[in-house]
Amino acid sequence: MSFQSAKPSWPLSLFIKQYWAIENCVPTGQTHIQRIVPSGLTELTFYLNDRPNSLDKGKDISDNVILSGHLKGYYDIAVSGKLSMFSVSFMPLGIYMFMNMPADELYDLNVPFRFIFPEIANQLEDQLYEADSFSEKVIVTERFLKGLLNNRTKSYSLDRITKSIDTIKESKGLIEINALSDITCLSRKQFERLFSNIVGISPKQYLKTIRFQWSLHYKHQHPATPLTEIAYISGYYDQAHMINDFKSLSGMTPGQYFKDCDPFSDYFNSL
């Protein structure tokens, strides 16, 4: 298996975390099951050969180009044949800057890209197929996304939610929603509505995801740390709270997850 990644150029770096690609070939007759968990990010993924099959019918991968919103929970995909994928990982609110629709319409969904951009999706897909290298795919994608970005303008509302996102990351998700609404000078109800509209997920669910991602990151950095200490550091009320969140987001207890999966955080990892 080969993996490549690259950072976006300015000004796309304000809204995109990274570009990445995987090339893998599963032996004939074999299937690899991969669990997908909430990352705090949204993804635009191009499948250039065989597509994986989602084992959750609500998360069907029904097209070669898929836009995935923020996840509520986990699901599994079955990978077989030749997997060749190129993906754009957006910042938490990044996808909002490229669409003319509320981001929460993508919540917990895998949506064919052509449904969102029917006039240009096929053109982008064709250009990526023709690109011979990862770097060429990045160039093609950046040219496309910069064209979309030029049609959007920043707003005061976006600045408010950007501040709340920065605060959530700095606090590792250990902050109350009322404190976030105070930071944005909005009532709690106004803040929750605006946050969901721009980020694509409710503040409560997003904070839950970020605590989960921070626990993965901390375990990755400090593998010998016991679960009770990780629960405390990650802001869970107790170990039972951590177990409940892990089960809802990953389908496993923390002990099972750390034993069977690599505790790697897509959200807190830096290139």
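The values are calculated or read from the model by the stated rules, or taken from the named source; none is laboratory data. Keep in mind that this is a model prediction, so the values were computed, not measured. Note: ideal-geometry Cβ built from the backbone for every residue, glycine included; neighbour counts use all protein chains shown. Remember, those area values only see protein heavy atoms, side chains included, never the ligands or the DNA or RNA. Shrake-Rupley method; radii C 1.70, N 1.55, O 1.52, S 1.80 Å.
Structural remarks
- Against the rule of thumb 2.2 N^0.38 Å, how large the Cα Rg of the chain comes out: 1.01
- In a reduced charge model with +1 at each Lys and Arg Cβ and -1 at each Asp and Glu Cβ, the stretch 1-94 shows a dipole moment near 180 debye about its Cα centre.
- q = 0.11, 0.17, 0.21 Å⁻¹, the stretch 138-271: log10 I(q)/I(0) [Debye, one scatterer per Cα]: -0.50, -0.96, -1.17
- Here the sum of -39500 (n - 2.57) over DSSP H runs of 4 or more residues, divided by the residues of the chain, equals -12000 deg cm²/dmol at 222 nm, to the nearest 500.
- Restricting the calculation to Cα atoms, every distinct pair contributes to the Kirkwood radius of the stretch 37-90, found to be 11.7 Å.
- Size of the stretch 71-212 from its Cα atoms: along the principal axes, largest to smallest, the extents are 49, 36, 25 Å.
- Dipole size of the stretch 102-241 about its Cα centre, with +1 on Lys/Arg Cβ and -1 on Asp/Glu Cβ: approximately 520 debye, rounded to the nearest 20.
- Mean projected area (nm²) of the alpha-carbon convex hull when the stretch 36-138 is viewed from all directions: 6.6
- With all protein chains modelled, accessible area of Thr225 [1.4 Å, Å²]: 20
- When you count the other C-beta atoms within 10 angstrom of each residue and take the mean per peptide, 74-84, 24-34, 242-252 line up highest first as 242-252, 74-84, 24-34.
- Charge sum, other residues only, whose C-beta stays under 12 Å from Pro112's C-beta, Lys/Arg counted +1 and Asp/Glu -1: -1
- Charged-residue dipole, Cβ positions (Lys, Arg, Asp, Glu), the chain about Cα centre, Debye nearest 20: 620
- Burial ranking of peptide ranges 1-10, 179-188 (average Cβ count within 10 Å, highest at the top): 179-188, 1-10
- Distance between the stretch 29-69 and the stretch 136-191 - C-alpha centres, whole angstrom: 25
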